[in-house]
Amino acid sequence: MGSLIEIRPGRRIWVEVGKASIDAHGHASHTVAILVHGSCARSEQYAAQVPVLQKAGLATVAFDYLGCGRSEKPNDFAAYAAEELYQDLLAVFQRYSKGFAHILLVGHSYGTYLVNRLASEQLDRVAGVVLIGAGYPVPGAGRLRWIFHLPLFVLGWLQPYLTDQFIKLAFHPDTFTTNPQLIELERGRSNENPPYMFRAFHLQALTLFRDAAQYNDWLRSIRAPVLIAAGDKDFLTPLDGMGSKVANFLKDSRTAEIPLAGHQVHEEQPAALNDKILEFLDAALGKR
């Protein structure tokens, strides 16, 4: 069950907390997984991972960024600054990791930037990191955001087109015929986002770090083992592009490329991805 939580003063976000399955000896979990979704997305995208993690003995925490999913959506440009989103994640971490010996961080897409920063700052608490569709700063990427400077009424008019362009890049070509329901679900979710929110988010997203060198420093600082997973047709954050760059700076990383999946691999091929995550958990966390 989830609810709206004032995670910081004036910032109410949707949080869902799930308990781990109790083992045969009646022991509760010592590990909690905190799941962080991508840009302008929602925690429901982890619907296939949450029960698997709980069955494996982990408690779970999934939440919607401010402005996304079931969280509140204030019409305030500054509310969606990257630093504000990070401080929300830090507040989630501090509140919901209490009482747990180990924390697993799971991030998708833009969420991987937030997760990597957190893992670099919480060295003694984070026991493992899963990066799905890992992002890496690309020179000149800011130039692609010119469209978000358009007036809001124009962005609202263009929203269905922008959604369709994103979906073409985010999903494996076969998914459009094998799982059209998922495509339509994602299209509906994306078109629900208020234009003022996704404009504010995208125009400020890259301010999370000053440059690639700072991001590299975060990655070098991470002590925990890291799994980097991506679909074999991830056109947005390919494993042999961004994913490999991220891996180059990590002390302990492994990669997994999932067949017949794109950027939304956790929704397109959840069983295959879950198997890789469970293998990683056994190696990284043991009995948890």
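The values are calculated or read from the model by the stated rules, or taken from the named source; none is laboratory data. None of these values were measured; they are calculated from a predicted model. Here Cβ is always computed from backbone atoms with ideal geometry, including for glycine, and neighbour counts include all displayed protein chains.
Quick rundown of the values:
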quantity	calculated
Residues that are of a type in the set (A, V, I, L, M) and touching a residue at least 60 places away in the same chain (Cβ under 8 Å), drawn from the stretch 162-179	L169, A170
Residue under evaluation N193, criteria (1) touching a His at 6+ places or on another chain (Cβ under 8 Å); (2) farther than 29 Å from D282 by Cβ, criterion not met	(1)
Hits in the stretch 232-269 - residues which are in contact (Cβ under 8 Å) with a residue 60 or more places away in the chain, crowded, with 18+ Cβ neighbours inside 10 Å and closer than 22 Å to E44 by Cβ	D234, L236, T237, A261, G262, H263, Q264, V265, H266, E267, E268
H202 vs. criteria closer than 23 Å to I147 by Cβ and at pLDDT below 95	yes
Checklist (1) surrounded by fewer than 18 Cβ atoms within 10 Å (Cβ to Cβ); (2) of a type in the set (F, W, Y); (3) within 19 Å of the chain's Cα centre (by Cα) applied to F93, failing item	(1)
Residue check, A205 surrounded by fewer than 16 Cβ atoms within 10 Å (Cβ to Cβ), touching a residue at least 24 places away in the same chain (Cβ under 8 Å) and of a type outside the set (S, T, Y)	no
Test result for G18, in contact with a His (Cβ under 9 Å, 6 or more places away or on another chain), of a type outside the set (D, E), within 25 Å of I277 (Cβ to Cβ) and surrounded by 15 or more Cβ atoms within 10 Å (Cβ to Cβ)	no
Which listed residue is touching a helix residue (DSSP H, G or I) at 6+ places or on another chain (Cβ under 7 Å) and crowded, with 22+ Cβ neighbours inside 10 Å, from A48, A33, A41	A33
Members of the stretch 46-98 that are among the β-branched types (V, I, T) and either touching a strand residue (DSSP E or B) at 6+ places or on another chain (Cβ under 8 Å) or within 14 Å of V115 (Cα to Cα) (or both)	V50, T60, V61, V92
Among the residues listed as P225, P195, the single one being touching a strand residue (DSSP E or B) at 6+ places or on another chain (Cβ under 9 Å), crowded, with 16+ Cβ neighbours inside 10 Å and touching a residue at least 40 places away in the same chain (Cβ under 8 Å)	P225
Subset of the stretch 226-264 [touching an Asp or Glu at 6+ places or on another chain (Cβ under 7 Å) and in a helix (DSSP H, G or I)]	L239
Members of the stretch 208-220 that are in contact (Cβ under 8 Å) with a residue 12 or more places away in the chain and of a type in the set (S, T, N, Q)	N216
Number of the exception - Q94 against (1) closer than 27 Å to R223 by Cα; (2) out of contact with any Asp or Glu (no Cβ under 9 Å at 6 or more places or on another chain); (3) modelled with pLDDT under 95; (4) polar (S, T, N, Q)	(3)
Pairs where the first residue, in the stretch 20-47, is farther than 18 Å from I103 by Cβ and of a type in the set (S, T, N, Q) and the second is part of a loop (DSSP other than H, G, I, E, B) and at pLDDT 95 or above, C-beta under 7 Å, 6+ apart	S39/S109; Q45/H37
Some residue of the stretch 110-122 being under 18 Å from the mean Cα position of the chain (by Cα), among the polar types (S, T, N, Q), in a helix (DSSP H, G or I) and buried (at least 24 other Cβ atoms within 10 Å of the Cβ)	yes
Test: residue in the stretch 217-229 that is modelled with pLDDT under 95 and under 16 Å from the mean Cα position of the chain (by Cα)	no
